[in-house]
Amino acid sequence: MNTLIINADQAGPVINKNIYGHFAEHLGRCIYEGFWVGEDSSIVNTKGLRNDVVGAMKKLNPPVLRWPGGCFADEYHWKDGIGPREGRPSILNTHWGGVVENNHFGTHEFFELCEQLGAEPYICGNVGSGSVQEMQEWVEYCTFDGESPMTKWRQENGREAPWKLKYFGVGNENWGCGGTMRPEYYADEYRRFQTYVRHLSGNKVFKIACGPNVADYKWTDVLMERAAGHMNGLSLHYYTHGGDWGDKGNATEFSDTQYHHVLQRTQLMDELITRHSAIMDRYDPKKRVALIVDEWGTWWNVEAGTNPGFLYQQNTMRDALVAALNFHIFHKHAERVQMANIAQTINVLQAMILTDGARMTLTPTYHVFEMFKGHHDATSLPLHLSGDEFSSGDQKIAAVSASASLKDGKILLSLAHTDNSREATIECELRGANISGVSGRLLHADKTQAHNTFDAPNTVAPQEFNEAKLNGSKLSVTLPAASIATLELTIA
Ligand code: AHR
């Protein structure tokens, strides 16, 4: 049995909606085929962007979209991606499958996509193989409304007014694909590049420095010591996989032991944020610099028969649980974690949507994003949870994870139950609020391997859930094995 106490009259930090952010790289079929099909495509589109995908993504209220990479960002030269499409150069996408990149999706198309989605643009600039001038001119091209060669060029390319560009990343994984730099060297490069990322025409840029690879605490320490005063955010990348980088495990075929192993690895996110935050606290006790988890999610072996460089993988109930656990971790650290961007939106890694020609299917992970929407910009509520654990080898795993938030007179309680062998009962006490009603939704399937396909798109989909019983300030909930529930509690 699990007991949960929610303190509805004690406000925790606000859960920044940007924690529910997305990431789209020029990788595999994320941009091309995923979002972009071109204006002449037989797939119904608006200005080249497919209507079905944009329509489905809009239902998630996507707050922010990071682009163009990833590793691609540090090889991307933005001037290749503007002007008449037939005149744009084709280049080699060295990182991802060695395919030809025709640059048909560039800066204008990205801002159009963000406008259609209602998402804030987050551009990641090129430090690894780009120049300071190139980065400076990109920001000027996008945001300046005075007279300048960049303004003139943007206008010649069809965009009169500047765009609003808040989030700008100064490089990506510069410890690896972004230049194989040492932290001391990158800290200096960061300081130099960011100097020229200007706030133009009233556009205030939120500057994000490349942060550590997983548990590289030295990187965080050096960056914070040498450059904290010049940044608004420091990124963190951590992927959950089921083995090692050589064999990351199969997306849909896995044993209970492998499933448990992945749950444990997911919990590492909590430790990483705690320890990186502790270092950040030493240099920035007021938490001015945000931790931006701008790449996270599951990473499995690619689906059989697909290009290994395209990172196309299926997505099961296990992925949904990993997503829910991560969100609960981000909420717990909401004071420091101000943005997170799952990798990646369409057809790549832990995607929201998979496409096959004109067909598309929503993944179990999509449904978690949709069910958790009520947490966007809500005030987190402190809670105490104690309860069941289940064993995997000599390890113990907590069966239930929970998070609660308050917005517009309603409490959203999200519950993730990871034990796939039995149901869980949760006795919940709501302190400091009178609850007049409860409604619920449940994501559940007959096994953790369950997933959606183009022929069976609703194998894992949310359903109405009536197994939450309210009695005064007590709420009793029974969850099936391996399930995710959201309960909306109305305050009287
Ligand atoms: O998301 C796939 C890749 O993972 C990104 O390009 C890179 O930043 C990370 O290593």
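So here's what we get for this one:
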{"read-out": "Residues located in segment 282-305, provided they are of a type outside the set (K, R) and without any contact (Cβ under 8 Å) to a residue 12 or more places away in the chain", "value": "P285, V302, A304, G305"}
{"read-out": "Yes/no for R29 being within 16 Å of the ligand (Cβ to nearest atom), among the basic types (K, R) and within 14 Å of the chain's Cα centre (by Cα)", "value": "no"}
{"read-out": "Residues (buried (at least 19 other Cβ atoms within 10 Å of the Cβ) and within 16 Å of the ligand (Cβ to nearest atom)) located in segment 187-225", "value": "I208, A209, C210, G211, P212, W219"}
{"read-out": "Matching residues, segment 413-423, being out of contact with any Lys or Arg (no Cβ under 9 Å at 6 or more places or on another chain) and surrounded by fewer than 22 Cβ atoms within 10 Å (Cβ to Cβ)", "value": "D419, S421, R422, E423"}
{"read-out": "Only one of G98, G34, G38 that is under 30 Å from E156 (Cα atoms) and over 21 Å from the mean Cα position of the chain (by Cα)", "value": "G38"}
{"read-out": "From the options E173, E137, E184, residue that is within 16 Å of the ligand (Cβ to nearest atom), at pLDDT 95 or above and among the charged types (D, E, K, R)", "value": "E173"}
{"read-out": "Every residue from segment 390-405 that is more than 16 Å from R318 (Cβ to Cβ) and surrounded by fewer than 17 Cβ atoms within 10 Å (Cβ to Cβ)", "value": "S391, G393, D394, Q395, K396"}
{"read-out": "Pairs with Cβ under 9 Å, 6+ apart, first in segment 12-28 and free of Cβ contacts under 8 Å to residues at least 40 places away in the same chain, second away from the ligand (no atom under 16 Å from the Cβ)", "value": "none"}
{"read-out": "Subset of segment 250-264 that is hydroxyl-bearing (S, T, Y) and not in a helix (DSSP H, G or I) - its residue that is nearest to T240 (Cα to Cα)", "value": "T252"}
{"read-out": "Residue within segment 269-288 that is at pLDDT 95 or above, within 16 Å of the ligand (Cβ to nearest atom) and not aromatic (F, W, Y) present", "value": "yes"}
{"read-out": "So L49, is it at pLDDT 95 or above, of a type outside the set (D, E, K, R) and away from the ligand (no atom under 16 Å from the Cβ)", "value": "yes"}
{"read-out": "Selection within segment 323-360 - under 15 Å from M269 (Cβ atoms) and away from the ligand (no atom under 16 Å from the Cβ)", "value": "A324, L325, F327, H328, I329, F330, H331, K332, H333, A334, R336, V337"}
{"read-out": "Where A461 falls short, out of the listed (1) among the aliphatic types (A, V, I, L, M); (2) in a loop (DSSP other than H, G, I, E, B); (3) more than 27 Å from N315 (Cα to Cα)", "value": "(3)"}
{"read-out": "Condition met for R88 (surrounded by 16 or more Cβ atoms within 10 Å (Cβ to Cβ), over 26 Å from the mean Cα position of the chain (by Cα) and without any contact (Cβ under 8 Å) to a residue 24 or more places away in the chain)", "value": "yes"}
{"read-out": "Residues being of a type in the set (D, E, K, R), part of a loop (DSSP other than H, G, I, E, B) and either touching a helix residue (DSSP H, G or I) at 6+ places or on another chain (Cβ under 6 Å) or buried (at least 24 other Cβ atoms within 10 Å of the Cβ) (or both) - total across segment 269-328", "value": "1"}
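The values are calculated or read from the model by the stated rules, or taken from the named source; none is laboratory data. Keep in mind the model is a prediction, meaning the values are calculated, not measured. In this analysis, Cβ positions are derived from the backbone assuming ideal geometry, glycine residues included, and neighbour counts consider all displayed protein chains.
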